[in-house]
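J.: Below is the structure I would like to discuss, written out as structure tokens.
The values are calculated or read from the model by the stated rules, or taken from the named source; none is laboratory data. In this text the structure is predicted, and so the values were computed from the model without any measurement. Neighbour counts run over all protein chains shown; Cβ positions are idealised from the backbone, glycine included.
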Amino acid sequence: MLKRKLSNKGEQMARVVVPGELLADSPRKTNFTYVENEKTYSSILGLFDEVGFRLIPLEGVYVPSLYDIVVGVVEEVKFAGYTVDINSPYQGFLPAKDSRYEYELGDVISAKVKQVDEVKNIILENARKLREGEIVEISPAKVPRVIGKKNSMLNLLRTATGSEIIVGNNGRIWIKGGNSALAARAILKIEKEAHTTGLTERIETLLREEGK
């Protein structure tokens, strides 16, 4: 059992729960849960505070939201469409009727989250196959820092390295062409130092000095 400080009243014991795990035998309203047959279940992987009856998502776990861009891997091909690994406790599904192309097992794609229901069934759309290139994985919580305000950091990375870069909200970043190795190093540095000040200047220096 994990122990984590959940309130100002001291240390409370919280347990890790997985999607679909029973939390209460009665309907209860709180974030990241759903009610089925008058019982309350967890819809995420997280820490459950039984005293305060609340769920805290585990850091680094990607919980899909409407209109997110994700970089995923096709892990199952069905007649109706494609099951996609989106680096989350939940799988994405790309309906064949909404896809302009056919995909194979292992194909890397980018897509937009079209629909998320209360039990986190994820429907994808606007898929594009990402050919060749490489994937860097970071904590989804650090993705906004890689993008920057008004895409400032992402534009800096693209311009300095000449690489094509697609950033998924799910923490997967696809890089192709240009100085892709430098782009990957810079992205990992951003993840590591995301909480610090002066990061943009340090990234500019890294790109300038190692990009010569």
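Residue by residue, here is whether (1) more than 20 Å from residue 74 (Cβ to Cβ); (2) small (Gly, Ala, Ser); (3) in contact with a Phe, Trp or Tyr (Cβ under 7 Å, 6 or more places away or on another chain) holds:
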| position | (1), (2), (3) |
| --- | --- |
| 115 | no, no, no |
| 130 | no, no, yes |
| 142 | yes, no, no |
| 147 | yes, no, no |
| 178 | yes, yes, no |
| 212 | yes, no, no |
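J.: Sort out which residues of segment 107-130 are at pLDDT 95 or above and in a loop (DSSP other than H, G, I, E, B), and write them in order of number.
T.: 107, 130, listed by residue number.
J.: Sticking with this structure for a sec: Would a scan of segment 41-48 turn up a residue that is among the β-branched types (Val, Ile, Thr), closer than 28 Å to residue 24 by Cβ and assigned by TED's automatic domain parsing to the domain that holds residue 16?
T.: Yes, some residue in segment 41-48 is among the β-branched types (Val, Ile, Thr), closer than 28 Å to residue 24 by Cβ and assigned by TED's automatic domain parsing to the domain that holds residue 16.
J.: Go through (1) touching a residue at least 24 places away in the same chain (Cβ under 8 Å); (2) out of contact with any helix residue (DSSP H, G or I) (no Cβ under 6 Å at 6 or more places or on another chain); (3) outside the structural domain of residue 193 (by TED's automatic domain parsing); (4) not in a loop (DSSP other than H, G, I, E, B) and name the single condition residue 143 misses.
T.: For residue 143, the failing item is (3).
J.: Would you pick out the residues in segment 48-69 that are in contact (Cβ under 8 Å) with a residue 40 or more places away in the chain, under 18 Å from the mean Cα position of the chain (by Cα) and closer than 19 Å to residue 34 by Cβ?
T.: 56, 58, 61, 62, 63, 64, 65, 66, listed by residue number.
J.: Identify all residues within segment 56-91 that are closer than 21 Å to residue 138 by Cα and in a strand (DSSP E or B); write none if there are none.
T.: Passing the criteria: 56, 57, 69, 70, 71, 72, 73, 74, 75, 84, 85, 91.
J.: Name the one entry in 82, 67 that is at pLDDT 90 or above and touching a Leu at 6+ places or on another chain (Cβ under 8 Å).
T.: Result: 82 is the single residue among 82, 67 that is at pLDDT 90 or above and touching a Leu at 6+ places or on another chain (Cβ under 8 Å).
J.: Let me ask another. Just name the residue that is surrounded by the fewest Cβ atoms within 10 Å (Cβ to Cβ) out of those in segment 77-88 that are out of contact with any strand residue (DSSP E or B) (no Cβ under 6 Å at 6 or more places or on another chain) and of a type in the set (A, V, I, L, M).
T.: Per the stated criteria, the residue is 80.
J.: Pick out the one residue from 11, 36 that is at pLDDT 80 or above, of a type in the set (Asp, Glu) and loosely packed, with under 15 Cβ neighbours inside 10 Å.
T.: 36
J.: Quick one: count up the residues across segment 114-131 that are of a type in the set (Val, Ile, Thr) and farther than 23 Å from residue 30 by Cα.
T.: 1
J.: For the subset of segment 89-125 comprising residues that are surrounded by 15 or more Cβ atoms within 10 Å (Cβ to Cβ) and among the polar types (S, T, N, Q), which member is farthest from residue 44 (Cα to Cα)?
T.: If we take residues in segment 89-125 being surrounded by 15 or more Cβ atoms within 10 Å (Cβ to Cβ) and among the polar types (S, T, N, Q), then 99 is farthest from residue 44 (Cα to Cα).
J.: Is it the case that some residue within segment 161-176 is in contact (Cβ under 8 Å) with a residue 12 or more places away in the chain and part of a helix (DSSP H, G or I)?
T.: Taking every residue of segment 161-176 in turn, at least one turns out to be in contact (Cβ under 8 Å) with a residue 12 or more places away in the chain and part of a helix (DSSP H, G or I).
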